[in-house]
């Protein structure tokens, strides 16, 4: 039996988002309800749970229902497609900045009459992985500048935000300052949990590479769903500014190895080629 199957799992909504990111674009952006139920049954969810999760995603504006002939399906909301596309790129093809690369600084000032928008701005910046320098000044590797531009434009908040590209001139203090802007100890602990959970999965495939496509699908979707949050918690921070033996390197290598090993068989099981 798959080791990943034994591990605790997120709810079906998280897996549905993963499946859309992996397979929907190749199907014209649409996944049939029947296919979602079939695939998620391999992850231990019954049809009722899947339909309920799809309905919640529809109500929250993430998915919208469509029909292809007589087949009922769903697609990701077109207004969110740009966000999903950049998210897919960040998750599946993470980029780590170097100490020579610039930073992007986001400075915002919201009038008191619009103070309710401050929380929205902070939520966007946090969700993209920005660190907080001061309450009105946030920082991240400049590689995610366009993601930020798109996010604040979609939210109608561009008028409140000024963006700057900058170099860290006091780089001798960078390790200490980056440690204040991001909770590196907590993040390293999450990476370690990921490694402990999925190293046995990789060993299982190394010891027994002739497992079924169904096992490959279960393990791949599980590891990818668990990995999805990391490129947003760690937006490609330069290794030069991180603690020695940073667990993120081993975690990313583990994820990439499992992806390369399982993706083809998982896709074959999904029967969407």
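The values are calculated or read from the model by the stated rules, or taken from the named source; none is laboratory data. Since this is a predicted model, take the numbers as computed values, not measurements. Heads up, the Cβs are rebuilt from the backbone with ideal geometry, glycines too, and the neighbour counts pull from every protein chain shown.
Rundown of residues vs (1) closer than 25 Å to residue 255 by Cα; (2) modelled with pLDDT of 90 or more; (3) in contact with a helix residue (DSSP H, G or I) (Cβ under 9 Å, 6 or more places away or on another chain), yes/no style:
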{"residue": "20", "(1), (2), (3)": "yes, yes, yes"}
{"residue": "35", "(1), (2), (3)": "no, yes, yes"}
{"residue": "39", "(1), (2), (3)": "yes, yes, yes"}
{"residue": "45", "(1), (2), (3)": "yes, yes, yes"}
{"residue": "79", "(1), (2), (3)": "no, no, yes"}
{"residue": "84", "(1), (2), (3)": "yes, no, yes"}
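Go through 215, 208, 167, 175 for me and flag whichever is on the phi < 0 side of the Ramachandran plot and free of Cβ contacts under 8 Å to residues at least 60 places away in the same chain. Before the answer, list the steps.
Details: 215 fails: free of Cβ contacts under 8 Å to residues at least 60 places away in the same chain; 167 fails: free of Cβ contacts under 8 Å to residues at least 60 places away in the same chain; 175 fails: free of Cβ contacts under 8 Å to residues at least 60 places away in the same chain.
Selected residue: 208, the only one of 215, 208, 167, 175 that is on the phi < 0 side of the Ramachandran plot and free of Cβ contacts under 8 Å to residues at least 60 places away in the same chain.
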Please tell me if residue 176 is surrounded by fewer than 20 Cβ atoms within 10 Å (Cβ to Cβ), closer than 17 Å to residue 131 by Cβ and not assigned by TED's automatic domain parsing to the domain that holds residue 249. yes
Just to verify a result, which residue in region 99-130, among those that are over 24 Å from the mean Cα position of the chain (by Cα) and in contact (Cβ under 8 Å) with a residue 40 or more places away in the chain, is surrounded by the fewest Cβ atoms within 10 Å (Cβ to Cβ)? 109
For the condition touching a strand residue (DSSP E or B) at 6+ places or on another chain (Cβ under 9 Å) and either farther than 25 Å from residue 31 by Cα or modelled with pLDDT of 95 or more (or both), what is the one hit in 233, 258, 237, 254? 237
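Kindly check whether there is at least one residue in region 69-76 that is under 16 Å from residue 14 (Cβ atoms) and in contact with a helix residue (DSSP H, G or I) (Cβ under 9 Å, 6 or more places away or on another chain). Spell out the reasoning first.
Going residue by residue through region 69-76, those that are under 16 Å from residue 14 (Cβ atoms) are 74, 76.
Add one more test, that the residue is in contact with a helix residue (DSSP H, G or I) (Cβ under 9 Å, 6 or more places away or on another chain), and what stays is 74, 76.
Yes, because at least one residue in region 69-76 is under 16 Å from residue 14 (Cβ atoms) and in contact with a helix residue (DSSP H, G or I) (Cβ under 9 Å, 6 or more places away or on another chain).
Being touching a strand residue (DSSP E or B) at 6+ places or on another chain (Cβ under 7 Å), in a helix (DSSP H, G or I) and under 30 Å from residue 244 (Cβ atoms) is the filter here; which residues of region 149-185 pass it?
Looking only at region 149-185, we keep the residues that are touching a strand residue (DSSP E or B) at 6+ places or on another chain (Cβ under 7 Å), and these are 152, 160-166, 168, 181-182.
Within this subset, residues satisfying the condition of being in a helix (DSSP H, G or I) are 152, 160, 181.
Correct list: 181 only.
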Test for residue 91: is it part of a strand (DSSP E or B), in contact with a helix residue (DSSP H, G or I) (Cβ under 7 Å, 6 or more places away or on another chain) and not assigned by TED's automatic domain parsing to the domain that holds residue 243: no
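Taking the stated definitions as given, is residue 209 in a loop (DSSP other than H, G, I, E, B), at pLDDT 90 or above and either surrounded by 20 or more Cβ atoms within 10 Å (Cβ to Cβ) or touching a strand residue (DSSP E or B) at 6+ places or on another chain (Cβ under 8 Å) (or both)? Give the derivation first.
Numbers: in a loop (DSSP other than H, G, I, E, B): yes; at pLDDT 90 or above: yes; either surrounded by 20 or more Cβ atoms within 10 Å (Cβ to Cβ) or touching a strand residue (DSSP E or B) at 6+ places or on another chain (Cβ under 8 Å) (or both): no.
Here the answer is no, as residue 209 does not meet what is asked.
Right, residue 134: in contact (Cβ under 8 Å) with a residue 12 or more places away in the chain and within 20 Å of residue 167 (Cβ to Cβ) or not? It would help to see each step written out before you state the result.
Numbers: in contact (Cβ under 8 Å) with a residue 12 or more places away in the chain: no; within 20 Å of residue 167 (Cβ to Cβ): yes.
Here the answer is no, as residue 134 does not meet what is asked.
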